[in-house]
Amino acid sequence: LRSPPPYLNTTDTSITFNWTAIDNLDPSLQCNLSLDDAINISNINSINSTEISELITNISEGYHNWYLSCWDNALNTNISDIRIFTVDISPPFFVDVENISLYDNESLVYDINASDSYLNVDCFNINDTTNFNIDCNGLLQNSTLLSIGSYWLNVSVNDSLNNIEWMI
């Protein structure tokens, strides 16, 4: 198995699967490419010691596994290792975020939470970096004394594939 590599995280829903089947005698083998424990492409002619590629499209978002089963003309069969990969096309989502009211001369310390269905949340960002700061864990604080008034903050969060969600 050449690609996709083990534990790939991707936003691509079309993936090229690549391998080389090797036999000590037979010039050509037949292979089945299985995705999520079901044969997706069957009877692929795989010339001995030659790199073969097959494209699978419309792969759903989520966790997946893939492997090959190949056989020669004598019906000697081998099954490859199982590899896993993740397709993540959705951004993280915010959890239990509220509007905040403060009194004059009060400091803001607020933990913003986000989650992602498949990958880890990577980092938070904020638009008003003059008055506020936010760390990658979502801890929002004022960095200056705040004047009385309303502050509209655009907070964004991304996952490790840079799928981004934001809220005001």
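The values are calculated or read from the model by the stated rules, or taken from the named source; none is laboratory data. Because the structure is a prediction, the values reported are computed rather than measured. Positions of Cβ are generated from backbone atoms using ideal geometry, with glycine treated the same way; all protein chains shown enter the neighbour counts. SASA here: full protein model, heavy atoms, side chains in, ligands and nucleic acids out. Shrake-Rupley method; radii C 1.70, N 1.55, O 1.52, S 1.80 Å.
Just the number please: accessible area per residue for the range 53-116, 1.4 Å probe, all protein chains included, in Å².
Normalised by residue count, the accessible surface of the range 53-116 is 64 Å².
Could you check how much of the accessible area of the chain is carbon and sulfur, as a whole percent, using a 1.4 Å probe?
47 percent
Any number yet on Rg/Rh for the chain, C-alpha, Kirkwood?
That ratio equals 1.27.
First select every other residue whose beta carbon is under 12 angstrom from the beta carbon of ASN73; then total the charges, Lys and Arg +1, Asp and Glu -1.
Taking every Cβ under 12 Å from that of ASN73, the sum is -3.
Pulled fully out, how much extra length does the chain show between SER117 and TRP166, if you take 0.36 nm times their separation in residues and subtract their Cα-Cα distance?
Extra length available between SER117 and TRP166 comes to 16.0 nm.
Give me the distance in nm between label points sitting 7 Å out from Cα along the Cα-to-Cβ direction at LEU153 and ILE47, one decimal.
6.1 nm
Work out the FRET efficiency for THR144 and ILE89 from their Cβ-Cβ distance, taking R0 = 35 Å, and round it to the nearest 0.05.
Calculated transfer efficiency: 0.40.
Place the peptides 104-117, 57-70 in order of packing, highest mean first, counting for every residue the other Cβ atoms within 10 Å and averaging per peptide.
57-70, 104-117
If I model a spin label at LEU75 and THR16 as a point 7 Å from the Cα along the Cα→Cβ vector, what separation in nanometres do I get?
The answer from the label model is 3.6 nm.
Please list, in chain and number order, the residues 5+ apart from ILE47 or on another chain whose amide H is under 5 Å from its amide H, with Hs placed from the backbone.
LEU29
Could you calculate the FRET efficiency of GLU61 with ASP37 from 1/(1 + (r/R0)^6), where r is the beta carbon distance between them and R0 is 25 Å, rounded to 0.05?
0.90
Where nothing but the Cβ of Lys and Arg (+1) and of Asp and Glu (-1) is charged, how large is the charge dipole of the range 1-154 around its Cα centre, in debye to the nearest 20?
360 debye
Can you give me the Cα centroid spacing of the range 77-117 and the range 126-168 in angstrom?
Rounded to whole Å, the Cα centres lie 15 Å apart.
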